[in-house]
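Peer 1: Next up is a structure, given as structure tokens.
The values are calculated or read from the model by the stated rules, or taken from the named source; none is laboratory data. Keep in mind that this is a model prediction, so the values were computed, not measured. A quick note on method: Cβ atoms are made from the backbone with ideal geometry, for glycine too, and the neighbour counts reach across all protein chains shown.
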Amino acid sequence: MLTVQESRYLLEIYESYMEGVSSVGPQYLALRMNVKRPSAYEVLQKLLRKGMLKKKHGKYMLTSEGMNCARRIIRSHRIIETMLYRAGIELDKACEYATRIQNEFEEDAVEKICKYLGNPKTCPHGKPIPEVEG
Ligand SMILES: [Zn+2]
């Protein structure tokens, strides 16, 4: 189980990966996330210990578990956001609320909501809702 802070970093690393940056360091994340380098380093160590990242030549990259976990959080975010948006909550708010609660739902519950919504393929921002294995 990741804390909200750890999952923010994990998602940032996942986004970097999707943009073609496959390994990151504390300095890179500090700049990207507008945080101090020691804070970035500390969270990277936590994600490393939790098996979400591996370290090679001083750089960190996602493990397959880390990759899956990131996809699961994004899936949860986009499904919850879709639900809130369809209920009439404006998009910015729906996104903000989804960010706050995306880690609180068990996978089973997220899948039930997804089914209830008719298995949407994209979120209201138009971004794809990723599929997760297992
Ligand atoms: Zn969003």
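Peer 1: Within the range 73-102, which residues are within 14 Å of the chain's Cα centre (by Cα), β-branched (Val, Ile, Thr) and more than 10 Å from the ligand (Cβ to nearest atom)?
Peer 2: Residues of the range 73-102 that are within 14 Å of the chain's Cα centre (by Cα), as a first pass: 73-81, 95-96, 98-102.
Restricting the remaining residues to those that are β-branched (Val, Ile, Thr) gives 73-74, 79-80, 99, 101.
Listed by number, the residues that qualify are 73, 79, 101.
Peer 1: Taking the condition farther than 14 Å from residue 15 by Cβ, of a type in the set (Lys, Arg) and away from the ligand (no atom under 16 Å from the Cβ), does residue 36 pass? Steps first, please.
Peer 2: Details: farther than 14 Å from residue 15 by Cβ: yes; of a type in the set (Lys, Arg): yes; away from the ligand (no atom under 16 Å from the Cβ): yes.
Answer is yes for this residue.
Peer 1: Taking the range 123-134 as the search range and keeping residues that are of a type outside the set (D, E, K, R) and within 17 Å of residue 18 (Cβ to Cβ), which one is farthest from the ligand (Cβ to nearest atom)?
Peer 2: We begin by selecting, within the range 123-134, every residue of a type outside the set (D, E, K, R); these are 123-126, 128-130, 132, 134.
Filter once more, keeping what is within 17 Å of residue 18 (Cβ to Cβ): 123, 125-126, 128-130, 132.
Details: 123: 6, 125: 6, 126: 11, 128: 12, 129: 11, 130: 13, 132: 17 Å.
Among those that are of a type outside the set (D, E, K, R) and within 17 Å of residue 18 (Cβ to Cβ), it is 132.
Peer 1: For the range 15-25, does any single residue satisfy the condition of being surrounded by 17 or more Cβ atoms within 10 Å (Cβ to Cβ), of a type in the set (S, T, N, Q) and either out of contact with any helix residue (DSSP H, G or I) (no Cβ under 7 Å at 6 or more places or on another chain) or part of a helix (DSSP H, G or I) (or both)?
Peer 2: We begin by selecting, within the range 15-25, every residue surrounded by 17 or more Cβ atoms within 10 Å (Cβ to Cβ); these are 16-17, 23-24.
Those left that are additionally of a type in the set (S, T, N, Q): 16, 23.
If we keep only those that are either out of contact with any helix residue (DSSP H, G or I) (no Cβ under 7 Å at 6 or more places or on another chain) or part of a helix (DSSP H, G or I) (or both) as well, we get 16, 23.
The answer is yes, given that some residue of the range 15-25 is surrounded by 17 or more Cβ atoms within 10 Å (Cβ to Cβ), of a type in the set (S, T, N, Q) and either out of contact with any helix residue (DSSP H, G or I) (no Cβ under 7 Å at 6 or more places or on another chain) or part of a helix (DSSP H, G or I) (or both).
Peer 1: May I ask you to say which residue of 80, 73 is under 26 Å from residue 112 (Cα atoms) and in contact with a Ser or Thr (Cβ under 6 Å, 6 or more places away or on another chain)?
Peer 2: 73
Peer 1: Is it the case that residue 67 is away from the ligand (no atom under 11 Å from the Cβ), under 22 Å from residue 1 (Cβ atoms) and part of a helix (DSSP H, G or I)? Don't jump to the end; show me each part of the working.
Peer 2: On the way: away from the ligand (no atom under 11 Å from the Cβ): yes; under 22 Å from residue 1 (Cβ atoms): yes; part of a helix (DSSP H, G or I): yes.
Considered against the rule, which asks whether it is away from the ligand (no atom under 11 Å from the Cβ), under 22 Å from residue 1 (Cβ atoms) and part of a helix (DSSP H, G or I), residue 67 comes out as yes.
Peer 1: Additional query: Which one is nearest to residue 5 (Cα to Cα), of the residues in the range 103-122 that are at pLDDT 95 or above, surrounded by 12 or more Cβ atoms within 10 Å (Cβ to Cβ) and within 16 Å of the ligand (Cβ to nearest atom)?
Peer 2: Per the stated criteria, the residue is 110.
Peer 1: Turning to a different aspect of this structure: How many residues are surrounded by 11 or more Cβ atoms within 10 Å (Cβ to Cβ) and within 25 Å of residue 6 (Cα to Cα) when one looks only at the range 88-99?
Peer 2: 8
Peer 1: Something else about it: With the structure loaded, tell me whether residue 8 is assigned to a helix (DSSP H, G or I), outside the structural domain of residue 102 (by TED's automatic domain parsing) and not hydroxyl-bearing (Ser, Thr, Tyr) or whether it fails that test.
Peer 2: So residue 8 fits the description; yes.
Peer 1: Kindly establish whether residue 51 is at pLDDT 95 or above, assigned to a helix (DSSP H, G or I) and among the small types (Gly, Ala, Ser).
Peer 2: Criteria not met by residue 51.
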